[in-house]
Amino acid sequence: MAKILDTLKNDGRFTRLVEIIQTLGEDTALQGEGPMTFFAPVDSAWDAIPESNRAMILNDKQMLSHLIDFFTIGNHKCTLDALLSKNVVQTVEGNPIMVRKTDQGTQVDEAIVLEGNIEAENGIIHVLDGVPFVTLSQAFEAYTAASQ
C-alpha cells in the first residue's frame with residue numbers, strides 16, 4: 001500500500017495539490033509514518049478560486065505551507081464516520097474544521113467530500129470538491145499573524 005503522497009500522485013485528480021506539496025518540500029510529512037488524516041482538494045477546486053486570489057495563494061510559499069497544515073489532522077486516521085461523530089476536529093495548524101452531513105453529502109467546512117476513506121499506508125485521504133473558503137481565510141489569517 002502506498003503512502004499518502006504517492007496515493008495522491010497515482011490518482012490523477014491532484015496534480016495541482018501534489019505540485020504545491022512538492023514545491024513546499026512537504027513531501028516528507030506526507031510520506032512520514034503517520035497516522036494522519038488528509039483532506040485533498042481536486043484540481044478543479046483550485047481552478048474554482050478566482051484567478052487573482054489563486055495567483056496570490058499559489059505564489060506565496062509561506063501561505064501555502066499554512067494551507068497544507070489546514071488539510072492535515074495529525075496522529076489520527078479518521079474515517080468519515082469518525083469525523084462526523086466528532087463534528088469538529090483540529091488540524092495540524094491548530095484551527096478547528098467542521099465536518100457535517102448535509103443534503104449535498106458530507107461537508108468539510110464548505111467543501112463536499114467527493115470520495116472518503118481512501119486508505120494509505122500512513123493514513124487516510126478524503127477527497128474534496130473545493131478548497132474550503134473558511135480554510136483559505138484562516139490560512140491567510142495565520143499567515144498574516146506569523147509575518148508581523
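The values are calculated or read from the model by the stated rules, or taken from the named source; none is laboratory data. Quick caveat: nothing in here was measured; it's all calculated off a predicted structure. Heads up, the Cβs are rebuilt from the backbone with ideal geometry, glycines too, and the neighbour counts pull from every protein chain shown.
Restricting to the range 97-132, name every residue that is in a loop (DSSP other than H, G, I, E, B), in contact with a Phe, Trp or Tyr (Cβ under 7 Å, 6 or more places away or on another chain) and within 26 Å of Q31 (Cβ to Cβ). Give the derivation first.
To start, the set of residues in the range 97-132 that are in a loop (DSSP other than H, G, I, E, B) comprises 103-104, 109-110, 121-122, 129-132.
Subset that is in contact with a Phe, Trp or Tyr (Cβ under 7 Å, 6 or more places away or on another chain): 110, 131.
Of everything in the range 97-132, just one residue is in a loop (DSSP other than H, G, I, E, B), in contact with a Phe, Trp or Tyr (Cβ under 7 Å, 6 or more places away or on another chain) and within 26 Å of Q31 (Cβ to Cβ), namely V131.
Can you confirm whether the range 14-23 contains a residue that is in a loop (DSSP other than H, G, I, E, B), among the charged types (D, E, K, R) and surrounded by fewer than 18 Cβ atoms within 10 Å (Cβ to Cβ)? For the range 14-23, residues in a loop (DSSP other than H, G, I, E, B), among the charged types (D, E, K, R) and surrounded by fewer than 18 Cβ atoms within 10 Å (Cβ to Cβ): absent. Mind checking which residues of the range 50-96 are among the polar types (S, T, N, Q), assigned to a helix (DSSP H, G or I) and under 19 Å from I20 (Cα atoms)? Within the range 50-96, S52, N53, Q62, S65 meet the criteria. Residues in the range 84-98 that are on the phi < 0 side of the Ramachandran plot and at pLDDT below 95: K86, V88, V89, Q90, T91, V92, E93, N95, P96, I97, M98. Just one of the listed residues (I49, I73, I97, I4) is out of contact with any helix residue (DSSP H, G or I) (no Cβ under 6 Å at 6 or more places or on another chain), surrounded by 13 or more Cβ atoms within 10 Å (Cβ to Cβ) and farther than 14 Å from V131 by Cα, and it is I73. What pairs come out if I take residues in the range 49-64 that are within 19 Å of L24 (Cα to Cα) and pair them with residues that are part of a helix (DSSP H, G or I) and of a type in the set (V, I, T) whose C-beta lies under 8 Å away, six or more apart or interchain? As it stands, the answer is L58/I20; K61/T23; M63/I57; L64/I20; L64/T23; L64/I57, since those pairs meet every condition given.
Does M36 meet the test of being farther than 24 Å from T7 by Cβ, modelled with pLDDT of 85 or more, within 15 Å of the chain's Cα centre (by Cα) and surrounded by 13 or more Cβ atoms within 10 Å (Cβ to Cβ)?
no
Of all the residues in the range 121-148, those that are modelled with pLDDT of 95 or more and under 15 Å from the mean Cα position of the chain (by Cα) number 7.
Counting the residues of the range 43-66 that are within 18 Å of V113 (Cα to Cα) and touching a Leu at 6+ places or on another chain (Cβ under 7 Å) gives 1.
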